[in-house]
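**Student:** Take a look at this one; I'll ask things after.
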Amino acid sequence: MAVLYPDALSPALGAGHYREHEMLRLLADALPATWRVYHSVKTSQLHEGAQRYGELDAVAVAPGGHVAVLEIKAGDVDLSEDGAFKLYGAVRKSLVHQAHAQLQGLIGRLRDAQLGAVRIAHFLLLPDFRVAQGSVGYPRERIIDASQLDELGTLLAEATRHAPLAAEQVDRLFAFLSNRFDVVPDAACRYGQRLATTRRLSDGLATWVPRIHSPSGIYVVEATAGSGKTQLALKLLGEASAEKRRAGYVCFNRPLADHIVGLAPPLADVSTVHELAIAALRATGVEPDFTSSATYPAAFEALTATNAQANTLDLLIIDESQDFDGDWLQALLPRLKPDGRLYVMGDAEQAIYRKEAFDLPDATRIVCQDNFRSPRRLVDTVNLLGLTATPVQGRGPEIGDAPELHVVDALDPGGLNRAAEIIANLLGNGERLEDIAVLSFHGRERSRLINSEQLRTWPLRRFTGGFDAAGNARWTEGVLLADSVYRFKGQSAPIVIVCEIDFEQLGDLEARKLFVAMTRAQSQLHLIMSQSAGEALTGRLERAPAR
């Protein structure tokens, strides 16, 4: 599924707008995740000294850097022997003239930006009509009608099948579109205007941290969940790419790395630390045996040896540093040039792998306890439970609701039946299945959820545990996302349901896992737990000081 930029659709004002929104969602669903779809694009151009304004309904950018522009005309369209016309109030406008003006304007703007190599295919999308033939002003091959909606992805892929542009040009094209239309990639999932507001609020780290100068070139960013660390990483990678400096991003969690790959500039080197180590081991001619406990120590020895004389990166970002061994960091540091910059980002409160903390004594340290992602009442609950040593500051745009706690008995092991009931109620209230993430407090081996094909009637979209020949994770074809709290670190969803919560006491490790789980939610949170876990949390809340 392609990603929409911006991720929020403007409020629909009439039947035509609702239909256009449906077409945008259909377009995103029809294209692979390697595509980007910019929509409601405001444009302007100078013509004979006067500035003219317009709007492109959708600009679909193929992986190779070529684009398909779609003029979506839903609702009433006047098709006659005079041509195709659309009424805007009392004004009757020619669709052909409108399309030609927009296309020529975009071509001119791209040429001015030194992006003239980008090939553009212009389509007129008429989702409510069947068109028998084109006209002298607009060929039938560039009209997509109601009978061709199922072929939308294929038609656009065929129209943009040209020799791929260089990665540097694709990178500049993304930057051009983002700058012109104020589109900033965000690691959060889509959930309407609330997410757009959250993104603007959490841009603080990305705004002021790059302005800080460290004499050592080493920056440690200790920032809580939802504070904007991902936006900061993307900002740093984007600036490095624009300045043609080599940049690397390394994290612990594979799903987070996969997520960042889709948002970062094409020239950025994004990977997990284990991927780098295994690649270094294979480069020595040794094929890793993942059943052997000696494989990863040997891989990190190979990584250390490989990087010893590297010195190729101007910028290195270490994310999820609380999950790193100090030896891993030492193996990566030689990749930096002597004057390179190192950003180490993490949150000790999210350390769920029992790693020993390491110190960078020469670093400039930046601390932020502001959470912009979660509803403020959810953050209040985190503080009442005492899940962090230092209270988190709720800075989100909405007060929201406190998390709902659901205690289940042995007849519903893990609370999967309760999770299904919650989902059914959410769907009945108009929520969408794709906005829900169901997480297990257990890992893959112990989780009934993650090892299930479906939850009630909903097929699960879950990691199979395997990878394809290119190293991409294999996922099942379901719509309802199911994953573990461990794998979902660094990501978020509008509605989060956490099941299989089971512990006798809320110890340090359980508290950190619960903190990670709770702060994945952008809007609603449901916690499903055993009776013992429910008693532990209730007791902690009862003992919390009054506020």
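**Student:** Charges only on Cβ, +1 for Lys and Arg, -1 for Asp and Glu: so what's the dipole of region 203-371 about the Cα centre, in debye to the nearest 20?
**Tutor:** For region 203-371, the charge dipole is close to 480 debye.
**Student:** Spin-label point model (7 Å from Cα, Cβ direction): what's the residue 287 to residue 166 distance in nm?
**Tutor:** If labels sit at residue 287 and residue 166, their model points lie 3.8 nm apart.
**Student:** Run the dipole for region 456-547 about the Cα centre, Lys and Arg Cβ at +1, Asp and Glu Cβ at -1, nothing else charged, and hand back the magnitude in debye, nearest 20.
**Tutor:** 300 debye
**Student:** May I ask you to compute the full-extension gain from residue 214 to residue 294, defined as 0.36 nm times their residue separation minus their alpha-carbon distance, rounded to one decimal in nm? Could the numbers behind the result be given before it?
**Tutor:** On the way: separation 80, 0.36 × 80 = 28.80 nm, distance 3.82 nm.
In short, 25.0 nm is gained.
**Student:** If you consider only alpha-carbon coordinates, what radius of gyration and Dmax does region 376-543 have, in Å?
**Tutor:** Considering region 376-543 through its Cα atoms, Rg and Dmax are 15.8, 53 Å.
**Student:** So for region 200-320, Kirkwood radius off the Cα pairs, Stokes-Einstein at 20 °C and 1.002 mPa s: how many µm² s⁻¹? Write out the running numbers ahead of the final one.
**Tutor:** Values: Rh = 15.8 Å.
Here the translational diffusion coefficient equals 135 µm²/s.
**Student:** Between region 389-420 and region 257-312, what is the C-alpha centre distance in whole Å?
**Tutor:** Centre-to-centre (Cα) distance: 37 Å.
**Student:** Taking the alpha-carbon distance from residue 355 and a cut-off under 13 Å, which aspartates and glutamates remain once sequence neighbours fewer than 8 residues away in the same chain are dropped?
**Tutor:** 320, 323, 325, 327, 347
**Student:** I'd like the FRET efficiency for residue 158 and residue 275, computed as 1/(1 + (r/R0)^6) with the beta carbon distance as r and R0 of 35 Å, rounded to 0.05.
**Tutor:** 0.55
**Student:** Moving to a separate point now. Name the residue farthest towards the positive end of the dipole of region 203-371 from the options 316, 368, 291, assuming +1 on Cβ of Lys and Arg, -1 on Cβ of Asp and Glu, about the Cα centre.
**Tutor:** It is 316, whose Cα lies furthest towards the positive end.
**Student:** Quick one: which of 512-518, 339-345, 23-29 comes out on top by average Cβ neighbours within 10 Å, and what's the full order, highest first?
**Tutor:** Most protected by this proxy first, the peptides run 512-518, 339-345, 23-29.
**Student:** Turning to a different aspect of this structure: Which distance in Å, rounded to a whole number, links the C-alpha centroids of region 465-505 and region 423-444?
**Tutor:** Cα centroid to Cα centroid, the span is 12 Å.
**Student:** Which GluC sites (Glu not before Pro) in region 337-438 pass both tests, a DSSP loop state and at most 11 other beta-carbon atoms within 10 Å?
**Tutor:** 356
**Student:** Then there's this: Mind checking the dipole of region 284-383: about its Cα centre, +1 per Lys or Arg Cβ, -1 per Asp or Glu Cβ, Debye to the nearest 20?
**Tutor:** Dipole of region 284-383, to the nearest 20 debye: 340 debye.
Read-outs throughout are calculated quantities, based only on the coordinates presented, and are distinct from any laboratory measurement. Since this is a predicted model, take the numbers as computed values, not measurements. Virtual Cβ from ideal backbone geometry, glycine too; neighbours counted across all protein chains shown.
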